[in-house]
Ligand code: NAD
């Protein structure tokens, strides 16, 4: 099939490469010239396991191409996938301007029947709105708009796409549904066809549910640390109940990234616009914001003051195996330390370049040992494998004072104490 993917970010690029892998011809189009130039030179604009190899191979075989030429991209395609960003507006609403801009261009350049598949996360009613925009510009060529929310996770995005656990198709057209099923069948047979409104809602409901689950265990952790219980054991115990499941029960310093924070805000707004107060989700957002800076309280307790102290931050990305720092807890933590006149040294295996675009007055280390050298405290923010495997004795030797805050509950407390650390984690008595 000839597929065009509009937006070559985390979703668009990964989907494009995976559709090429299953023998489609893919055109990836993006308005960002720099990104397209990099891709045409074999440079990946994002960090994702296996991406470079798979992308380069398909590019050499002529199965994927990268362009900024929207007319060419639209006219070549039978299926046009929209994968542009849908960021938050300052009031929490969704900024749909990128989706609408693309819809207008499809209306302008359409040259035959097209299936338009929306993978961007969008509020209920967007499929109808996109249909309306295109119909207003042109009535000559038929088209169908499908809502097809994306569930890949950064860090395991290629695997997630090649082994999708489900495909949601929100459609009003049998013909278009069949085309989208055919496109996704090599990845997954678990397909739910529904109306576009339900499909759009499924994505927000899924992300909000997961965000709530994380926040619930974080709240339990905060109580555990007060009453002397251990959240890891509590999570293990409740996770044995199949109705709860052990997944997404790792207590820590809160969720971040390009999806959960913005999608929870968006669902609150969608509810609000329809006269409903989504009270649980409001509390989730508030509790998660508080959770991100819980380590600041621990730091102050351990060091008395943060002023003039050097704090090493291990991990900047919002989760391991990605360079994405959007709404990462690390950013909030660093800003809070700086506000209290502390000095910050950071290291991340993949996200340093992204961080340099937004973080100022921060020392960038070359590795984890360089980061902890002469520090008064270390905060583990992102649980990269590299940090799990650190030589803890060496870390302790390099530090000026032994305060170690494990924001992701990665280390064994007794081992940390044996190595001479003043060790703090989330959800257990220190
Ligand atoms: P991103 O910011 O990484 O990529 C979006 C891309 O769209 C950018 O490269 C941008 O230049 C391009 N773009 C914007 N306007 C354009 C236009 N008019 N024409 C061509 N290109 C344009 O975003 P992302 O993380 O890939 O997310 C895309 C969508 O998918 C969002 O709605 C997001 O919520 C959703 N989503 C993301 C993930 C994830 O893990 N990142 C997972 C599931 C769903």
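A short reminder: the numbers here are calculations on the coordinates, not readings from a lab. Everything numeric in this text was worked out from a predicted model, so none of it was measured. For neighbour counting, all protein chains shown are included, and Cβ atoms are generated from backbone atoms with ideal geometry for every residue, glycine included.
Among residues of the range 130-159 being within 16 Å of the ligand (Cβ to nearest atom) and more than 26 Å from the chain's Cα centre (by Cα), the one that is surrounded by the fewest Cβ atoms within 10 Å (Cβ to Cβ) is 137.
Summed over the range 196-244, residues that are within 16 Å of the ligand (Cβ to nearest atom) and farther than 30 Å from residue 118 by Cα total 0. Given the condition within 23 Å of the chain's Cα centre (by Cα) and either near the ligand (Cβ under 10 Å from one of its atoms) or without any contact (Cβ under 8 Å) to a residue 12 or more places away in the chain (or both), answer yes or no: does some residue in the range 106-118 qualify? Checked against the condition, which is being within 23 Å of the chain's Cα centre (by Cα) and either near the ligand (Cβ under 10 Å from one of its atoms) or without any contact (Cβ under 8 Å) to a residue 12 or more places away in the chain (or both), the range 106-118 yields at least one hit.
With respect to residue 88, determine if the residue is near the ligand (Cβ under 9 Å from one of its atoms), closer than 25 Å to residue 262 by Cα, touching a helix residue (DSSP H, G or I) at 6+ places or on another chain (Cβ under 9 Å) and in contact (Cβ under 8 Å) with a residue 60 or more places away in the chain. Working first, answer last.
Working: near the ligand (Cβ under 9 Å from one of its atoms): no; closer than 25 Å to residue 262 by Cα: yes; touching a helix residue (DSSP H, G or I) at 6+ places or on another chain (Cβ under 9 Å): yes; in contact (Cβ under 8 Å) with a residue 60 or more places away in the chain: yes.
In short, no.
Restricting the range 33-44 to residues that are assigned to a helix (DSSP H, G or I) and without any contact (Cβ under 8 Å) to a residue 12 or more places away in the chain, which is nearest to the ligand (Cβ to nearest atom)? For the range 33-44, the residue satisfying everything is 34. Note on the range 269-314: residues that are free of Cβ contacts under 8 Å to residues at least 60 places away in the same chain and within 30 Å of residue 400 (Cβ to Cβ) amount to 12. Restricting attention to the range 1-32, the residues being crowded, with 21+ Cβ neighbours inside 10 Å, free of Cβ contacts under 8 Å to residues at least 40 places away in the same chain and within 9 Å of the ligand (Cβ to nearest atom) number 1.
Specify which of the listed residues (53, 93) is without any contact (Cβ under 8 Å) to a residue 40 or more places away in the chain and farther than 17 Å from residue 29 by Cα.
Being without any contact (Cβ under 8 Å) to a residue 40 or more places away in the chain and farther than 17 Å from residue 29 by Cα holds for just one of 53, 93, which is 53.
Go through the range 256-304 and give me each residue that's within 16 Å of the ligand (Cβ to nearest atom), within 23 Å of residue 124 (Cβ to Cβ) and either in contact with a strand residue (DSSP E or B) (Cβ under 6 Å, 6 or more places away or on another chain) or part of a loop (DSSP other than H, G, I, E, B) (or both). If the condition is that a residue be within 16 Å of the ligand (Cβ to nearest atom), within 23 Å of residue 124 (Cβ to Cβ) and either in contact with a strand residue (DSSP E or B) (Cβ under 6 Å, 6 or more places away or on another chain) or part of a loop (DSSP other than H, G, I, E, B) (or both), then 257, 258, 259, 262, 265, 266 are the ones that fit.
Any residue at all in the range 198-221 that is touching a strand residue (DSSP E or B) at 6+ places or on another chain (Cβ under 8 Å) and surrounded by fewer than 16 Cβ atoms within 10 Å (Cβ to Cβ)? The answer is yes, given that some residue of the range 198-221 is touching a strand residue (DSSP E or B) at 6+ places or on another chain (Cβ under 8 Å) and surrounded by fewer than 16 Cβ atoms within 10 Å (Cβ to Cβ). Restricting attention to the range 160-183, the residues that are loosely packed, with under 15 Cβ neighbours inside 10 Å, touching a strand residue (DSSP E or B) at 6+ places or on another chain (Cβ under 9 Å) and in a helix (DSSP H, G or I) total 1.
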